Amino acid sequence: MILEYLPILAVFGFAIVFALATVFSSEIFGPKRPNAEKLSTYESGMKPVGTTSERVSIKYYLIAMLFIIFDLEVVFIYPWAVQFKKLFNQQGISVFVSMVIFLVVLELGYLYVYKKGGFKWD
Amino acid sequence: MTIWEILGFALLKILVIVSIMLLTVSYLVYFERRISAWAQNRLGPNRVGWEGILQPFADVLKLLLKEDIVPYQANKTIHTLAPIIALFVAFTTYAVIPFGPTINVFDYSIPLVVADVNIGILYVLALTSLGVYAVTFAGWSSGSKYSLLGGIRSSAQMISYEISMGFSIGGVLLLAESLRPLTIVETQGQWLWNAWIQPIGFITFVVSAFAETNRLPFDLPEAEPELVGGFHTEYSSMKFAGFFLAEYANMIVASGLIVTLYLGGYNIPFINIETLGLPAWLPVLIYISAFLFKMAALLFFFIWVRWSIPRFRYDQLMSLGWKVMFPLSLINIIWVAALIMIFNL
C-alpha cells in the first residue's frame, strides 16, 4: 500500500535535482561581470525611485480570504462526490438534499459578498 | 514486486517521460513561434537548421551562456528559490497522469503511469497550488515594482481560478467514484467521455487551466505593455529559462490532465481494438498514440487561443473568475448529480 507512493518520492527527488541543476548551471557557464547599472532594478532606463516594501491594496487580501473559504468548500465536496453513487443507492435523495443545503448556506455568503461589492475591481 | 523493482520501473518511466517532456517543451516553443508567425503573416524562426528546426537548442545554449544577474535590491535566497519551486511543480505533476493502460511485460503488470496512487487528483491539486508560491516569491523578492505588481496580480488570479477548477473536478469525481486517474479514465469508457456528459464542467476546467498556466488571454502576470515582464522582469539566464520551461511544462501537464479528466484519456471511440485480433503489443501502442494525439490537439488549441484572443483587463479577469466560472462550476456539480439520480449513470 505504502509502496505505491515510492514512485512519487522518486519523482520528487528527480525534480529537485533537475530544478537545482537548471537554476545553478548559469552560475557555472555564464560570465560574471557585475556593475552598478547592471545590478539596479529595471525601471525603463531611469534610476529606481522609492522602495517596493509599500502597502498593497486591501482588495488582494480580501481575495485571499474568500479563496480560503470557498476552497474549503471544495474540500468538503470531494468526499461527498466520491461516495455519492453508493450512498444514493442506499439512502436515496437525502444524500443530494443534504449537500444542496450545505451549498445554499455557502452561496448565501457568496451573495452577501457580491452585494457588499467584494467582487468589484475597478 | 520488491522495493527495488518498483523503484527501478519508476525511474525508467520518469526518465522516459521527462526526456519526452523536455523535447516537447523545446518544440512547443518552436511551434508556438512558427504558428504565431503564420497567424500574423510573418516568417518566424527559419535560419538555424532546416526551417529553423534547431532553433530551440540555439536558444537554450544562448541562455546557458548568459550572465546570471541578481539585482542588489533583491532578496537573494528567495530570488533563487522561486524558479526552483516553479520547476519543481512543473516536473512533479505529471507523475499521476496515465498515458496508457496497464501492460504485462514478462511477469510484471505495469500501469503506464509513474505513480498509480488512489489520491492522484488531490496530488495534482496540492502541487499546482504550490505554483502560486513561485510567482509570488519571484515578484516580491526581485525588489522591482513591475515584478511586485505582476506577482501580486498573478497570485490573486491563480487562487481565484483554482476554486472553479476544484469545483469542475467535483463533477468528474461524481461519475468516477474515485480520485485515482486510471479509474477516471476507465469509467469514461470508449465514448462516454466527461466532456460530453458535463460540457459546462469541461469548459470551466479548460478556462481555469488556461488561467492557472498563465497563458493568454489570462497572462496578466506578464502583461508586457504595462508590466514589462511581470514577475520575471528581474530574472536572467537559466533562472529565466526555468520559468519559461515551467510555463510550457505546465501547459503539457494541463493538457494531459484535461485529456485524462474529460476526453477519455487513452480511449479510442468507435473502434474496439481489443477485438480486432492484433498482436498483443499493438493495442498498447495505439492507446498511447491516442493519448498523445489528444494532447497534441489540445496544445495546438492552447497556442491557437493565444494568438486569436486579446488579453483581458484585470477587473474583467477577476469578474469572469468569480461571477461566471464559480457559479457555472457549481451548477455543473448539481447537473451531474441530477443526471446520476435520474439516469443511474
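The values are calculated or read from the model by the stated rules, or taken from the named source; none is laboratory data. Just so it is clear, the structure is predicted and the values come from calculations on it, not from any experiment. Cβ placement follows ideal geometry from the backbone for every residue including glycine, while neighbour counts extend to all protein chains displayed.
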Quiz item: Which ranges mark the helices (runs of 4 or more DSSP H) fully within region B:39-158 that have 3 or more residues being crowded, with 16+ Cβ neighbours inside 10 Å and within 19 Å of the chain's Cα centre (by Cα)?
Solution: B:76-90, B:120-141
Exercise. Looking only at region A:78-98, decide whether some residue is closer than 21 Å to B:Val324 by Cα and either exposed (fewer than 10 other Cβ atoms within 10 Å of the Cβ) or facing chain B (nearest Cβ under 9 Å) (or both).
Key: no
Self-check item: Hey, A:Ile8 out of contact with any Ser or Thr (no Cβ under 7 Å at 6 or more places or on another chain), facing another protein chain (nearest Cβ under 7 Å), surrounded by 11 or more Cβ atoms within 10 Å (Cβ to Cβ) and touching a residue at least 12 places away in the same chain (Cβ under 8 Å) or not
Solution: no
Quiz prompt | region B:168-197: number of residues that are assigned to a helix (DSSP H, G or I) and within 14 Å of B:Pro98 (Cα to Cα) | solution = 8
Practice problem: Just need a number here: residues in region B:1-45 that are more than 23 Å from B:Phe91 (Cβ to Cβ) and within 12 Å of chain A (Cβ to nearest Cβ). | Solution: 5
Exercise. State whether the residues of region B:203-217 include one that is over 19 Å from the mean Cα position of the chain (by Cα) and of a type in the set (Val, Ile, Thr).
Key: no
Exercise. With the checklist (1) more than 9 Å from every other protein chain (Cβ to nearest Cβ); (2) at pLDDT below 85 in hand, flag the one item B:Gly143 doesn't pass.
Key: (1)
Exercise. Select, from B:Leu216, B:Leu179, the only residue that is within 11 Å of another protein chain (Cβ to nearest Cβ) and in contact (Cβ under 8 Å) with a residue 12 or more places away in the chain.
Key: B:Leu179
Exercise. Take the residues in region A:55-70 that are without any contact (Cβ under 8 Å) to a residue 40 or more places away in the chain and surrounded by 17 or more Cβ atoms within 10 Å (Cβ to Cβ), then tell me which one is farthest from the chain's Cα centre (by Cα).
Key: A:Ile63
Practice problem: Collect the residues in region B:159-176 that are aliphatic (A, V, I, L, M), facing chain A (nearest Cβ under 7 Å) and over 18 Å from the mean Cα position of the chain (by Cα), keeping them in residue-number order. | Solution: B:Leu173, B:Leu174
Quiz item: Would region A:30-51 turn up any residue that is touching a residue at least 40 places away in the same chain (Cβ under 8 Å) and either surrounded by 14 or more Cβ atoms within 10 Å (Cβ to Cβ) or of a type outside the set (A, V, I, L, M, F, W, C) (or both)?
Solution: no
Exercise. Sort through B:Ser155, B:Ser237, B:Ser168 and tell me the only one that's hydroxyl-bearing (Ser, Thr, Tyr), modelled with pLDDT of 85 or more and farther than 22 Å from B:Ala95 by Cβ.
Key: B:Ser155
Exercise. Examine region A:1-9 for a residue that is among the aliphatic types (A, V, I, L, M) and not in a helix (DSSP H, G or I), and state whether such a residue exists.
Key: yes
Practice problem: Could you grab me the full set of residues in region A:9-27 that are of a type in the set (A, V, I, L, M) and over 16 Å from B:Pro83 (Cβ atoms)? | Solution: A:Leu9, A:Ala10, A:Val11
Self-check item: A:Tyr60 in contact with a Ser or Thr (Cβ under 7 Å, 6 or more places away or on another chain) and either over 17 Å from B:Leu87 (Cβ atoms) or more than 8 Å from chain B (Cβ to nearest Cβ) (or both)
Solution: no
Quiz item: Would you say B:Arg34 is part of a loop (DSSP other than H, G, I, E, B), at pLDDT 85 or above and farther than 18 Å from B:Val117 by Cβ?
Solution: no
